[in-house]
Each structure stands twice: as structure tokens, then as C-alpha cells.
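The values are calculated or read from the model by the stated rules, or taken from the named source; none is laboratory data. Here the structure is a predicted model, which is why all the values come from computation and not from measurement. Counting neighbours? That spans all protein chains shown, and the Cβs are built from the backbone with ideal geometry, glycine included. Heavy atoms of the whole protein, side chains included, go into the accessibility calculation; ligands, DNA and RNA do not. Shrake-Rupley method; radii C 1.70, N 1.55, O 1.52, S 1.80 Å.
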Amino acid sequence: MVRGGAGAHYLRGMSTRRKVSLITLGCARNEVDSEELAARMEGAGWDLADGADGADVVVVNTCGFIEAAKKDSIDTLLAAHDSGAKVVAAGCMAERYGSELAEALPEADAVIGFDDYTAIGERLDDVLAGRRRDAHTPRDRRTLLPISPVERRGSQVAVPGHGGQDDLPDGVAPASGPRVLRRRLGGGPVAPLKLASGCDRRCTFCAIPAFRGAYVSRPPAEVLEEARWLAGHGVREVVLVSENSTSYGKDLGDLRALEKLLPALAAVDGIERVRVSYLQPAETRPGLIEAICGTPGVAPYFDMSFQHASGPVLRSMRRFGDRERFLGLLDQIRALAPEAGVRSNFIVGFPGESEDDFEELVEFISAARLDAVGVFGYSDEDGTEAANLGGKLDPADVAARVEELSGLAEELTAQRAEDRVGSRIRVLLEDKAEQAVDGAADGAFEGRAEHQAPEVDGTVLVRGGGLALGDIVEARVVGSDGVDLIADVS
């Protein structure tokens with residue numbers, strides 16, 4: 001996904017202005033990081049180009065989560081090189097592999113880590129001038145912060161997406177506003193807002209904590225200020241993102257910090273909807289459920305990271321819970337908000353997963369009434385404990401289980417959408433409908449209801465008169481198409 005736009009025009013002496021294109025891959029957390037990088041680039045005198053054509057340097061904010069994402073990152077870096085521009089690899093894959101990536105990919109003129117972000121202008125200057133810098137040697141970023149969360153406050157460790165106004169060079173503010181270190185690269189009424197970074201969990205399949213670091217919450221005042229800034233730039237819905245939102249505040253000395261923050265965010269003038277993502281089931285407290293379900297302006301939406309439903313498999317993953325506990329958690333949610341949206345991801349074929357374990361997962365998904373489901377086949381990840389576990393399944397068996405569970409999930413989520421026919425929903429209008437569907441008239445819009453998160457869930461085709469981009473309208477669901485809905489404003 002390319003994020004770009006016209007930036008402020010800076011000149012240095014008599015030279016022509018320099019242009020940088022920024023390409024963002026991966027999750028919404030990376031999008032926030034890119035927007036901080038964009039603000040730093042503008043502050044350092046670089047214009048943002050829309051695409052690689054005409055750019056002096058292309059920065060690719062890579063994803064390093066799974067093999068498919070890493071391949072996409074490599075392909076994007078090679079395509080950027082083919083454009084004739086200088087190429088910089090940044091982001092998770094660059095941080096995770098550092099010098100190893102630089103050696104394997106000479107097409108990249110620089111490979112930078114998170115510690116380079118505060119000096120991104122200088123790094124781009126070096127690249128444009130042909131000055132090569134050695135890429136960093138990767139290390140476990142969890143070791144850079146104290147083990148005790150409450151001792152992490154005031155740390156000087158670089159944490160992408162947590163930059164403040166004081167970080168701007170020479171007090172120069174980005175062209176799009178002086179209050180936060182962020183420059184919007186996309187439009188539209190929805191934007192991610194980083195709540196925290198890093199993770200203290202030790203899931204055996206996950207490499208993210210090693211290159212993203214230990215858990216660090218952003219102070220509530222900083223989050224609120226950025227929400228106000230986003231509202232001033234036309235945003236109606238903020239999506240709180242992190243590696244684990246249920247841990248928010250533990251390093252601030254307040255485990256109820258998120259419950260307290262949500263009403264304040266919902267009260268920000270111009271923000272009509274607040275959505276929380278990346279919830280850990282084992283940390284989802286009753287008070288947090290009540291805050292999400294009962295706070296006006298907060299979407300009753302639960303992005304629950306279940307990963308599996310078999311107790312033995314979950315323990316092997318170093319996670320907690322089982323089918324009964326997870327169904328009980330969903331019962332708690334629906335007792336307060338019967339129409340709450342719930343999505344989750346699942347790993348199939350984890351080492352040691354028996355047929356009984358897989359059947360337990362099938363039974364859970366059949367009973368859970370989820371709105372959106374992601375199914376991933378297990379594969380070894382560099383540096384994870386699971387890569388050294390015994391009991392690996394044959395790849396063909398993993399693929400067969402992925403196909404079976406994906407087919408079931410598609411059927412069940414479509415049924416869940418069909419069950420919403422006849423209900424009334426509140427939809428945020430985000431785009432003009434590209435084509436008429438089921439008799440939709442010209443002027444229809446595509447949007448999302450409270451139970452649908454951007455990009456990962458279904459959408460709603462809204463029909464009616466007097467509609468405008470960015471409106472939140474009440475509509476009646478009249479049909480469904482897979483996980484997507486069709487609704488009329490009356």
C-alpha cells in the first residue's frame with residue numbers, strides 16, 4: 001500500500017528540493033509508524049512524493065511477521081530499486097534482520113532500524129549522497145528496557161510511533177500541523193491511533209516481541225492530544241492499535257487505564273467512534289468489557305486473539321484458556337451487548353496438534369458465532385521456541401486442516417451476517433460505492449458498522465438519499481453477501 005501526498009516545499013541553498021516516496025506494508029501499527037516518519041522527513045526538508053516516479057529515495061516500511069509478508073517486502077524493495085530511485089529498507093523486517101538483510105539484498109542502498117528513525121533526515125541525506133552506513137546487528141529489543149514495566153517510564157529507547165513534538169529538528173513542525181509528530185498519508189474518516197508498542201507475552205510461535213521490544217504504553221494525555229489532532233484532520237473514527245491493548249497502563253501503574261481512557265477519547269470533539277483492537281482473552285477483564293460495551297461512542301467490538309481452543313495446544317503455545325473458557329468470555333460480552341462484533345485469528349497445525357485438538361477448535365468456531373475469522377497454517381518462524389518443538393505435522397496435513405477450517409469459517413461468518421438482516425445498524429460512510437449491488441441506486445456508499453473493523457472485516461453497502469462521505473447514519477439491514485451487508489437509510 002503506497003501512502004503519499006503533496007508535502008511542504010523546502011529548499012536548501014540553490015539545490016532543487018528532494019523527494020522521498022514512502023511505501024507502507026503490513027498492519028495498522030506500521031501505518032502509524034510511517035506517518036511519524038513522514039513528519040520527521042518533512043521536518044528535515046524532504047518533500048513526500050506520490051509513488052516512486054520522480055522520487056530521489058524510496059523508503060519501504062517493511063513487514064516481518066510471517067513468510068508471506070517477508071516475501072512481499074522483498075518484492076516491494078526490488079520493485080522500488082527497478083524504479084531507478086535510491087532504496088531504503090525500514091520497518092519490522094529491516095529491524096529484525098539488519099545486517100543480514102543488507103548482505104542478502106544489495107539492491108537496498110540502506111537498511112535502517114528503529115534507532116535510526118529519529119535521524120531519518122540524515123539517513124536519507126547519506127543515501128542520496130552515496131554514503132554507505134553499516135546496517136545494525138539485530139538484538140532482542142526486550143533487553144533494552146527494565147523487566148519491571150513500571151520502571152520503563154522515561155526510557156530513551158526508540159519506540160516507533162511514540163515520537164513527540166520535541167523530537168522535531170530545530171522546532172520545525174510538519175506542514176500538516178504543529179501539535180503531534182505525525183503527518184497523515186491517507187485520507188478518509190478513519191485512522192489508526194497507537195496506544196502502545198511491544199509485548200511482554202512469550203507466545204512460543206511469535207517473534208514480534210524480540211524485534212518490537214518490551215511493552216510501552218503511551219501516556220493518556222499524548223493519546224488524547226493525537227486524537228484531537230486527527231479529529232482536526234477529518235477523522236471520525238479512531239482505531240486503537242498495539243501489540244496487546246489489554247496490557248495498556250501496566251507500565252503506567254494503572255491496569256484500569258484503558259477503561260478510564262475510552263470515555264475521554266469518545267468525548268473528543270469530532271470523534272464519533274472509538275474502536276479497540278488486539279485484545280488478549282486471558283487479560284480481558286470484566287471492567288474492560290463493560291467499558292467497551294457500555295461507553296457511548298465506543299464500538300462494541302472485540303478483536304480477540306484466541307489462536308486456538310484446545311487447552312493442550314494453547315499451553316504449548318504458552319497461552320491460557322480453552323473452548324469452555326472462551327465461550328464463557330463471549331457470553332459475558334453478549335450479555336452486555338448482544339450484537340457486539342467479534343473477530344479472531346487461529347493457527348492450525350501447531351506442533352503436536354492432534355485430530356482431537358483440531359476437532360476442539362472446530363467445535364469452538366461452530367459455537368462462537370464470530371463475525372470474522374482468519375485462519376493461518378503453522379510454519380516455523382526464526383528465533384521462536386515453537387520452531388524447536390517436536391511433533392511437527394506434515395505440511396499436507398496442515399494445508400488440509402487450513403482448508404477445512406477456512407471453509408467452515410466462511411460458511412459460519414456468512415450465516416452470522418445473514419442473521420443481522422432486519423436489524424438496525426450505525427454505519428460510517430467511507431467511500432462511494434464502486435458499483436450497484438442488488439439494485440443499489442447511484443449515490444450509494446460503502447461503509448462499516450460498529451461490528452466491522454477497517455480492512456479486515458466485512459463492509460456495508462448503504463443506499464439512500466442525502467448521504468455524504470464521513471457521515472454516520474442509521475440504516476436497516478436488508479440483505480447480506482458473504483460477510484458484507486446491504487442496508488437502507490429510511
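Just a few scattered comments:
- Residue in region 470-478 that is under 15 Å from GLU430 (Cα atoms), surrounded by 23 or more Cβ atoms within 10 Å (Cβ to Cβ) and touching a Leu at 6+ places or on another chain (Cβ under 7 Å) present: no
- Only listed residue being modelled with pLDDT of 85 or more, surrounded by fewer than 17 Cβ atoms within 10 Å (Cβ to Cβ) and within 27 Å of the chain's Cα centre (by Cα), chosen from ARG139, ARG123: ARG139
- Filtered residues of region 126-135 (kept if out of contact with any Phe, Trp or Tyr (no Cβ under 9 Å at 6 or more places or on another chain) and open to solvent by less than 40 Å² (accessible area, probe 1.4 Å)): ASP126, VAL127
- Just so you know, in region 375-392 the residues that are hydrophobic (A, V, I, L, M, F, W, C) and open to solvent by 40 Å² or more (accessible area, probe 1.4 Å) include one that is farthest from the chain's Cα centre (by Cα), and it is LEU389.
- Per-region count, region 204-223, residues open to solvent by less than 30 Å² (accessible area, probe 1.4 Å) and farther than 17 Å from ARG29 by Cβ: 1
- Those residues of region 225-255 which are out of contact with any Leu (no Cβ under 8 Å at 6 or more places or on another chain), open to solvent by 40 Å² or more (accessible area, probe 1.4 Å) and among the charged types (D, E, K, R), in sequence order: GLU225, ARG228, LYS250, ASP254
- Of the candidates VAL460, VAL398, the single residue that is free of Cβ contacts under 8 Å to residues at least 40 places away in the same chain, in contact with a Gly (Cβ under 6 Å, 6 or more places away or on another chain) and open to solvent by less than 50 Å² (accessible area, probe 1.4 Å) is VAL460.
- The condition (being at pLDDT below 90 and of a type in the set (Gly, Ala, Ser)) is satisfied by just one residue among ALA108, ALA8: ALA8.
- Residue count for region 320-337, restricted to those that are under 26 Å from the mean Cα position of the chain (by Cα) and either hydrophobic (A, V, I, L, M, F, W, C) or modelled with pLDDT under 95 (or both): 7.
- Region 128-168, residues that are under 19 Å from ALA39 (Cβ atoms) and assigned to a helix (DSSP H, G or I): GLN165, ASP166, ASP167
- Check on VAL235, part of a loop (DSSP other than H, G, I, E, B), touching a strand residue (DSSP E or B) at 6+ places or on another chain (Cβ under 6 Å) and either free of Cβ contacts under 8 Å to residues at least 60 places away in the same chain or over 18 Å from PRO160 (Cα atoms) (or both): yes
- Residue in region 97-120 that is farthest from ALA207 (Cα to Cα), counting only those that are open to solvent by 40 Å² or more (accessible area, probe 1.4 Å) and in a helix (DSSP H, G or I): THR118
- Helices (runs of 4 or more DSSP H) contained entirely in region 280-371, each with at least 2 residues that are surrounded by fewer than 22 Cβ atoms within 10 Å (Cβ to Cβ) and either among the aliphatic types (A, V, I, L, M) or touching a Pro at 6+ places or on another chain (Cβ under 6 Å) (or both): 286-294, 323-336, 355-368
Per-residue answers, yes or no, for (1) in contact with a helix residue (DSSP H, G or I) (Cβ under 7 Å, 6 or more places away or on another chain); (2) at pLDDT 95 or above; (3) not in a loop (DSSP other than H, G, I, E, B):
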position: GLY443; (1), (2), (3): no, no, no
position: GLU450; (1), (2), (3): no, yes, no
position: ALA475; (1), (2), (3): no, yes, yes
position: GLY479; (1), (2), (3): no, yes, yes
position: ALA487; (1), (2), (3): no, yes, yes
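- Any hit, region 213-236, residues being touching a Cys at 6+ places or on another chain (Cβ under 9 Å) and of a type outside the set (Gly, Ala, Ser): yes
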